[in-house]
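J.: I have a structure here, written as structure tokens, and I will follow up with some questions on it.
The values are calculated or read from the model by the stated rules, or taken from the named source; none is laboratory data. Fair warning: this is a prediction, and the values are worked out from it, not measured in the lab. Glycine also receives a Cβ, built like all others from the backbone with ideal geometry; neighbour counts cover every protein chain displayed.
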Amino acid sequence: MKNKLATMLYGGDYNPEQWAPETWDDDIEIFEEAAINSVTINVFSWALLQPNEYTYDFSTLDKIIDKFSKKDFKIVLATATAALPAWMFKKYPDVARVDYQGRRHVFGQRHNACPNSLDYLRLMQQLVDKIAKRYATNEHIVAWHINNEYGGNCYCSNCQNAFKFWLKERYRTLENLNSAWNMNFWSHTIHDWNEIVVPNELGDAFGAENTETTVAGLSIDYLRFQSESMLNTFKLEKKIIEKYDQKTPITTNFHGLPNKPTDYASWAKEQDIIAYDSYPTFETPAFETAFMYDMMRGLGNGNPFMLMESTPSQVNWQPYSPLKRPGQLRATEFQAVAHGADTVQYFQLKQSLGATEKFHGAVISHSGRTDTRAFREVAQVGHDLKKISNQIMHTRTTAKVALLFDWGNYWSVEYMATITQDLNYTKLLHDYYKALYNNNVAVDVISVDSDFSEYDLIVAPLLYMVKDNLGKKIEAYVAEGGNFLTTYLSGLVNESDKIYLDGYPGPLRKVTGLWVEETDAILPTNHVNVTLKDDKMFTGQLVSDIIRLEGAEPLAKYASEFYAGTPAITKNDFGEGCAYYVGTRLDDSGLDYLFKFLIAKIGIPQLSTNEHTSLDITERHNGKDTFFFILNMSNEVQSLPLEFQDDQFIDILTDTHPKNVLEPWNVNILKR
């Protein structure tokens, strides 16, 4: 059993090797002033640790670790394998990735290693072995951080050969492979395993990377293969660390919205604790950030996660990177805690002197001063976390609604080549998450491999790809009393992107009690009207499924176009449960109405029934106490919902009763 974090970590990435050692003590004093108690170190130090293949130099890292250990800081120790040194490219060119255009890269940037280069794997394992052996007994190391922000694909000959063996293991015979990919199309039949070509811009993939393909089964399998290849490098590093340290949790940092090349659901099974880097843009709505936090909590089976990176002021790599408004830093960091984070960590703790991240925000800016607005806000968050850590650590959120996110489905939708170019899987999931978020319903974002039985309602929009046995799993869940909701363009293909015959939605046809005869593409300037039994009318966009009922009953019908009067939303009783189908992209008011109906019918708990609040309201509990996080994620004053305007609540941040309003970017953590 791995150790849990003993206290909330507050800190982040620190690169003291970029600075003169005589500055380190001054930095530590500033960190202590801000109640920073942890540092993540050694993320990008490979070139310093190993100046050539046969020489290792740990003298600087020894001094850094010794310095922070004596000051009783918690250390998140990285393995330094995220960026390769120049000598390695010169001596072993095959360690470099070949890009989508077929070009082999040279030394530079980061995330630049081919995961199937035997030279990279050998040198990486040798380095990690020396690091783990040297530092594993240091009790101040509370987590191991492998590599950094995995992502990106390689299309080299090493990968092509490894892909061939991966396909042999998956399909066993060329007959099976040709059938799975439907390779009689365009004379694509493969007669020899050596005829396999990786999908890149010069072959069956085309356009921008991961956007267009002739053979979707090939391209989707290659994404699976690349994700597994990178995961295998992670597992190799993890195995080495565990040879010397069986107790300290090991992780890597997920990132992106979400990161397309990396199947987080598969990776999560190998993480001792989920870690995530959060960098919403200035225009990202609060619910989209919450969606990613709820995904991280869901990937960890409801356990708290690490906020591994965020920015203390502004980033420098978005098209526009405005400052956070006064109070916004505190609210955004506490939003992560509210949705399940047990750490708040920044990139970066000290602003770089040069190169591409020199204008990225930091706790210690170029001025080195501590009387700035940004530093005062960082310090306030630190002291707040120090105050509440013992109460909040290891508390959990109980959600009775789950939103299904599947990476294979994500990839397949991108390659769909269907009747509209406007399909975007994550945006369409956001439609449904937003409706639940606005109704103050706790949501776990889960994978198709998760345990469905914990939830009263599972929402699976645009479930285009239904993997083997998933249809049976959904049927069993509903038959045993669960509620399931899916939408247009669901149940069309299997995990090889091959069409299910006998009518859409394929394996979901029985549980939904319907089949889809045709699907209409709605032009961006148009919409279709949808009316309910009480004559309320909403609009649909994107597509309209023309539905034939096979046991289901209509909850709403189309009220325009030639299919007016046919079902638009359906309900099907199945065993002890019920399945719902939405045939068009409902507008916000339509989804809000639908979820209010489901909340009432199923009895889904709401954290507030205030229909007019736009506050972020969540809860965490430990079996004894429940903590309600109420955050104003806006520049406007907002009223506290009536449920919380009660003297029985105490704000554990201020030890006072809550006020009836929340100022812009204000945070309440209420305990009854």
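J.: Just one of the numbered conditions (1) of a type in the set (D, E); (2) within 21 Å of N3 (Cα to Cα); (3) surrounded by fewer than 21 Cβ atoms within 10 Å (Cβ to Cβ) is not true of E237; which one?
T.: That leaves (3) as the condition not met.
Rundown of residues vs (1) of a type outside the set (D, E); (2) touching a residue at least 40 places away in the same chain (Cβ under 8 Å); (3) in contact with a His (Cβ under 7 Å, 6 or more places away or on another chain); (4) in the same structural domain as T289 (by TED's automatic domain parsing), yes/no style:
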| position | (1), (2), (3), (4) |
| --- | --- |
| V315 | yes, yes, yes, yes |
| S321 | yes, no, no, yes |
| I388 | yes, yes, no, yes |
| S412 | yes, yes, no, no |
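J.: Quick one: which of E139, E169, E149 is in the same structural domain as I250 (by TED's automatic domain parsing) and exposed (fewer than 14 other Cβ atoms within 10 Å of the Cβ)? Even if it seems obvious, please write down each step before you answer.
T.: On the way: E169 fails: in the same structural domain as I250 (by TED's automatic domain parsing); E149 fails: exposed (fewer than 14 other Cβ atoms within 10 Å of the Cβ).
E139 is the lone residue from the list that is in the same structural domain as I250 (by TED's automatic domain parsing) and exposed (fewer than 14 other Cβ atoms within 10 Å of the Cβ).
J.: While we're here: Cβ-Cβ distance below 7 Å, separation of 6 or more or different chains: which pairs start in region 129-141 with a residue that is part of a loop (DSSP other than H, G, I, E, B) and end on one that is among the β-branched types (V, I, T) and exposed (fewer than 15 other Cβ atoms within 10 Å of the Cβ)?
T.: As it stands, the answer is none, since no pair meets every condition given.
J.: Could you list, in sequence order, the residues of region 538-563 that are of a type in the set (G, A, S) and closer than 20 Å to F484 by Cβ? Before you say what the answer is, go through the steps one by one.
T.: Initially, region 538-563 is screened for residues of a type in the set (G, A, S), giving 540, 544, 551-552, 556, 559-560.
G551, A552, A556 - these are the residues of region 538-563 that are of a type in the set (G, A, S) and closer than 20 Å to F484 by Cβ.
J.: For region 610-632, what are the residues that are in contact with a strand residue (DSSP E or B) (Cβ under 9 Å, 6 or more places away or on another chain), assigned to a loop (DSSP other than H, G, I, E, B) and under 18 Å from A286 (Cβ atoms)?
T.: Residues satisfying the conditions are N610, H612, T613, S614, L615, N632.
J.: Keeping to region 360-382, report how many residues are more than 26 Å from the chain's Cα centre (by Cα) and surrounded by 15 or more Cβ atoms within 10 Å (Cβ to Cβ).
T.: Going through region 360-382 one residue at a time, the tally reaches 8.
J.: Might you let me know whether region 180-188 holds any residue that is out of contact with any Gly (no Cβ under 9 Å at 6 or more places or on another chain) and in a loop (DSSP other than H, G, I, E, B)? I'd like the intermediate steps shown before the answer.
T.: As a first pass, look at region 180-188 and keep what is out of contact with any Gly (no Cβ under 9 Å at 6 or more places or on another chain): 184-188.
If we keep only those that are in a loop (DSSP other than H, G, I, E, B) as well, we get 184, 188.
Within region 180-188, one or more residues are out of contact with any Gly (no Cβ under 9 Å at 6 or more places or on another chain) and in a loop (DSSP other than H, G, I, E, B).
J.: Among the numbered criteria (1) surrounded by fewer than 16 Cβ atoms within 10 Å (Cβ to Cβ); (2) more than 16 Å from A336 (Cα to Cα), which single criterion is violated by T613?
T.: (1)
J.: A further question follows. Just checking, which of I30, I41 is of a type in the set (A, V, I, L, M), more than 19 Å from A6 (Cα to Cα) and free of Cβ contacts under 8 Å to residues at least 40 places away in the same chain?
T.: Values: I30 fails: free of Cβ contacts under 8 Å to residues at least 40 places away in the same chain.
Going through I30, I41 in turn, just one is of a type in the set (A, V, I, L, M), more than 19 Å from A6 (Cα to Cα) and free of Cβ contacts under 8 Å to residues at least 40 places away in the same chain: I41.
J.: Further question: For region 1-21, how many residues meet the condition of being surrounded by fewer than 21 Cβ atoms within 10 Å (Cβ to Cβ), among the small types (G, A, S) and either within 32 Å of the chain's Cα centre (by Cα) or not in a loop (DSSP other than H, G, I, E, B) (or both)?
T.: 1
J.: Take the residues in region 249-289 that are of a type in the set (S, T, N, Q), surrounded by 21 or more Cβ atoms within 10 Å (Cβ to Cβ) and farther than 27 Å from K324 by Cβ, then tell me which one is nearest to the chain's Cα centre (by Cα).
T.: T262
Yes or no, residue by residue, for (1) closer than 30 Å to V493 by Cβ; (2) outside the structural domain of V76 (by TED's automatic domain parsing); (3) not β-branched (V, I, T):
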{"residue": "T214", "(1), (2), (3)": "yes, yes, no"}
{"residue": "F234", "(1), (2), (3)": "yes, no, yes"}
{"residue": "E237", "(1), (2), (3)": "no, no, yes"}
{"residue": "Q246", "(1), (2), (3)": "no, no, yes"}
{"residue": "N253", "(1), (2), (3)": "no, no, yes"}
{"residue": "L257", "(1), (2), (3)": "yes, no, yes"}
{"residue": "S266", "(1), (2), (3)": "yes, no, yes"}
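J.: Within region 440-482, count every residue that is farther than 22 Å from N303 by Cα and either surrounded by fewer than 22 Cβ atoms within 10 Å (Cβ to Cβ) or of a type in the set (D, E) (or both).
T.: 11
J.: Is it the case, given these coordinates, that P115 is more than 21 Å from T356 (Cβ to Cβ) and touching a residue at least 60 places away in the same chain (Cβ under 8 Å)? Show your work before the answer.
T.: Values: more than 21 Å from T356 (Cβ to Cβ): yes; touching a residue at least 60 places away in the same chain (Cβ under 8 Å): yes.
In short, yes.
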